[in-house]
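The values are calculated or read from the model by the stated rules, or taken from the named source; none is laboratory data. Please read all numbers here as calculations on a predicted model, not as lab measurements. Cβ: placed from backbone, ideal geometry, glycine included. Neighbour counts: every protein chain shown.
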Amino acid sequence: MIVVTGGTGFVGREICRVLTSEGLSVRAVARTAASQLPAGVEFFPGDITRPESLRTAFRGAKAVIHAVGIIREHGDQSFERVHLQGTADVVAAARAAGIPRFLHLSALGTRPMAASRYHQTKWGAEEIVRHSGLAHTIFRPSLIYGKEDDFTTRLASLMQPPLSWLSGGFLPIPGGSEVTLRPVPVRAVAEAVVRSLGQSDALGQTFDLCGPETTLRDLALDIACAMGRPATWVENSPEVIFATLPWLWFTLKKPILFPVPLKLCRLFASLAERILPNPPLTTDQILMLEEGQVGDSSPAARMLGFHPGPLPQGLAAYLAPREGGRADLRL
């Protein structure tokens with residue numbers, strides 16, 4: 001039995017799919033059930049913020065894959081509570097259950113003295129795992145994309161009706177070409193994690209899992225192309241864009257994408273955090289965009305057969321229009 005915490009989440013579900021395709025028994029631990037779980041996966045109601053719910057969940061398991069994480073805080077779900085205390089509680093439960101293997105999903109960019117609180121708490125969680133005494137492996141995926149993700153799917157929805165009607169076809173892109181990313185498909189992450197279970201050499205290792213380098217500008221353009229809605233990129237300042245809106249709207253192919261300086265985005269995020277319960281951008285996310293994503297996935301390629309594949313093909317796998325349609329309206 002392999003236990004996956006956060007097993008009903010975006011990454012956790014894919015890990016469950018890969019595990020079941022290998023013929024392994026899987027138990028998905030999460031606060032709420034999900035209908036998308038693969039057939040044969042056992043759902044177990046559990047909450048990492050309630051350690052007592054984990055003791056039974058881990059009973060008889062050969063390995064625990066800890067895939068719980070949040071990208072933004074909401075209510076009592078803080079980075080400290082989920083990443084730090086949550087990981088400590090999961091590790092304690094794994095030790096009490098005598099779990100022989102512990103796999104932990106962290107994040108690319110995690111390091112001591114990181115700028116963002118997200119990366120700071122992810123580093124703290126890694127340290128908890130390293131000093132746990134458990135036979136462990138740590139993974140640091142970059143921006144993970146795939147069907148129903150929280151990033152590319154959101155960008156795609158903003159580029160097509162009905163949201164594109166509200167914006168007039170214009171979409172600001174934070175930082176544009178200044179932001180460096182290494183997007184990785186969720187399937188490649190899940191396969192690397194599962195392959196490590198059979199690799200004794202992976203014990204004690206930390207693996208970067210990242211795809212080919214791109215920019216936020218190119219990622220946005222690739223998303224538009226994957227949907228069959230080739231976009232126009234306008235390399236002008238926001239004030240010039242707003243001054244020429246009518247001309248741009250009548251002359252350029254939509255959606256029309258344009259960069260917004262990260263300093264301006266930081267100001268917007270700071271104001272949004274004060275007045276909105278769920279702001280579209282946070283200052284912590286802007287910090288991470290300013291840093292960009294840098295990593296080396298060659299060790300994972302050699303040991304775990306990690307191959308993320310080209311970004312355009314990966315996006316098209318779930319964003320391409322249905323056969324006979326002009327654009328994907330499923331999102």
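What the table below lists for this structure:
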{"read-out": "Pairs with Cβ under 7 Å, 6+ apart, first in segment 51-77 and farther than 23 Å from residue 14 by Cβ, second surrounded by 17 or more Cβ atoms within 10 Å (Cβ to Cβ) and charged (D, E, K, R)", "value": "51/89; 53/47"}
{"read-out": "Tabulated pairs, segment 133-159, first farther than 15 Å from residue 311 by Cβ, second among the basic types (Lys, Arg) and surrounded by fewer than 23 Cβ atoms within 10 Å (Cβ to Cβ), C-beta under 7 angstrom, 6+ apart or interchain", "value": "133/95; 134/95; 135/101; 159/229"}
{"read-out": "Any hit, segment 278-292, residues being of a type in the set (A, V, I, L, M), crowded, with 17+ Cβ neighbours inside 10 Å, over 17 Å from the mean Cα position of the chain (by Cα) and assigned to a helix (DSSP H, G or I)", "value": "no"}
{"read-out": "Selection from segment 211-238 of residues that are out of contact with any strand residue (DSSP E or B) (no Cβ under 8 Å at 6 or more places or on another chain) and surrounded by fewer than 18 Cβ atoms within 10 Å (Cβ to Cβ)", "value": "212, 218, 225, 228, 230, 237"}
{"read-out": "Residue match in segment 311-318 (condition: surrounded by 18 or more Cβ atoms within 10 Å (Cβ to Cβ) and either β-branched (Val, Ile, Thr) or assigned to a loop (DSSP other than H, G, I, E, B) (or both))", "value": "no"}
{"read-out": "Qualifying residues in segment 78-116 (those that are among the polar types (S, T, N, Q) and touching a helix residue (DSSP H, G or I) at 6+ places or on another chain (Cβ under 8 Å)) - the one nearest to residue 11 (Cα to Cα)", "value": "106"}
{"read-out": "Residue, farthest from residue 12 (Cα to Cα), within segment 38-50, restricted to residues that are in contact with a Gly (Cβ under 8 Å, 6 or more places away or on another chain) and in contact (Cβ under 8 Å) with a residue 40 or more places away in the chain", "value": "49"}
{"read-out": "Residue count, segment 36-64 (criterion: part of a loop (DSSP other than H, G, I, E, B), exposed (fewer than 14 other Cβ atoms within 10 Å of the Cβ) and in contact with a strand residue (DSSP E or B) (Cβ under 8 Å, 6 or more places away or on another chain))", "value": "2"}
{"read-out": "Qualifying residue in segment 67-89 (condition: of a type outside the set (Gly, Ala, Ser) and either touching a Cys at 6+ places or on another chain (Cβ under 8 Å) or outside the structural domain of residue 25 (by TED's automatic domain parsing) (or both))", "value": "no"}
{"read-out": "Spans of strands (runs of 3 or more DSSP E) in segment 71-185 with at least 2 residues closer than 30 Å to residue 246 by Cα", "value": "170-174"}
